[in-house]
There are 2 protein chains.
Amino acid sequence: MATDDLMTRALEALGEDGPLSVEALRRLADLGDLPETMTIAEVSGHLGVSPHTLRYYERAGLVEVARDGHGHRVYDAEAVRRLVFLTRMRLSGMPMRDLRHYIALVDAGVHTVPERLEVLVGHRDAIRRRIRELTLSLMAVEYKITTYGGSAGPDVQTVGATTGEALPDEPPRRALPAERPAPSR
Amino acid sequence: MATDDLMTRALEALGEDGPLSVEALRRLADLGDLPETMTIAEVSGHLGVSPHTLRYYERAGLVEVARDGHGHRVYDAEAVRRLVFLTRMRLSGMPMRDLRHYIALVDAGVHTVPERLEVLVGHRDAIRRRIRELTLSLMAVEYKITTYGGSAGPDVQTVGATTGEALPDEPPRRALPAERPAPSR
DNA sequence: GTTTGCGTTCGAGCGCGCTCGAAGGCGTAC
DNA sequence: GTACGCCTTCGAGCGCGCTCGAACGCAAAC
């Protein structure tokens, strides 16, 4: 996915270990002053997505883009801003389907604002869920790494044994020193 | 993806808003006492992945599963534990390719432990990156929601304007009440 | 016996989000 | 002129991770 690069760049711009604050957001949002119009190559460079993908988004009905006398695309600032939004949403995992829906709402006029909000809230919740999932997985992987490394991890005891390997060629599944025999619920 | 359900269930088991702690991990890891052997349907129910997917994983070389007299799969505890590991890794976004690599290492013997650790560390970092990405996106979406809702959000100013919509049918892009005119860098 | 239900293998198909290639137009550089 | 480079459209192809269907086997229930 081309958009992976985008976020990578965004993260780099923020400094990998920055405070990840509203301040960071402001910097992310700071697109510089967009020129009046841009070519597809410029937009591509700016957003970090390929021209192919930009054309694809247009075909998908997510943006309308004017042509110049030669049939070449001319992206105005509004189109670029929309594309920034679109790439950001794609990056956070919103499917094309939902994006099409949202854009249809936007194009349908201001009376769809409540429904747009619903979509956004739904997506926000999806992101939150995903972060929780990943946090959980992260903990499992970190635990596994520490126990693998030998520096006997914290107090979870069964995780290592649930990895389906437990160092094959070795006595499988010695119980780690348990603190308590895990309450039955 | 079938595995979505798995994590959903895991999260439910933890209580959506729980402390997300090591305690939580222990519960997740607590698979109960696995029976000696299981049928494909049992494993499927236990892990929340379809029998189709279990067969697929086997075809992919991720687990070996014995057959009974009728040619039916018989999953032993080790296979189940491995599948738990595999689904957890899939859930956290590790691609099949890497999983195959990892499993090959496991099957190659204990001397591959260092390389296994490298893989795990790489994956851990990937998860961390993804969490950071999502956190960033979450902030952007939350900001957009609050400003959309009218309850003028915190102090970022440009984000709303970068969404490519800025309430069409309305004077586009009035500057929001800025606190400071964003430093030029 | 036949129906129901669960299992098997194999290969094909699908949904997603790109990604690419072919065939061609236009404008500038040499 | 012609080569280069960037653009266009259109449709096909791809990588991923499943997901499914067809055709069949076996066993217990009715």
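Throughout, read-outs are computed from the coordinates displayed, never taken from laboratory work. As the structure is a prediction and not an experimental result, all values here were calculated from the model. FYI the Cβ positions are ideal-geometry reconstructions off the backbone, even for glycines, and counts take in every protein chain you see.
Considering only chain B, the C-beta nearest to the rotation axis that sends B to A is found at B:Ile131, 3, the distance in whole Å. Net length available on complete extension from A:Asp68 to A:Val121 is 15.3 nm, with 0.36 nm assigned per residue and the Cα-Cα distance removed.
Distances between copies at A:Ala104, taken between label points 7 Å from Cα along the C-beta direction, are 4.5 nm in increasing order.
Add +1 for every Lys or Arg and -1 for every Asp or Glu among the other residues with Cβ under 12 Å from the Cβ of B:Met96, and state the total.
Working: positive: B:Arg59, B:Arg90, B:Arg97, B:Arg100; negative: B:Asp98.
Charge balance near B:Met96 sits at +3.
Between copies, the label points of B:Arg59, set 7 Å from Cα on the Cα→Cβ line, lie 2.9 nm apart, reported in increasing order to one decimal in nanometres. Relative to the other identical copies, B:Gly122 shows label-point distances of 3.7 nm, where the label point lies 7 Å from Cα along the Cβ direction and values run shortest first.
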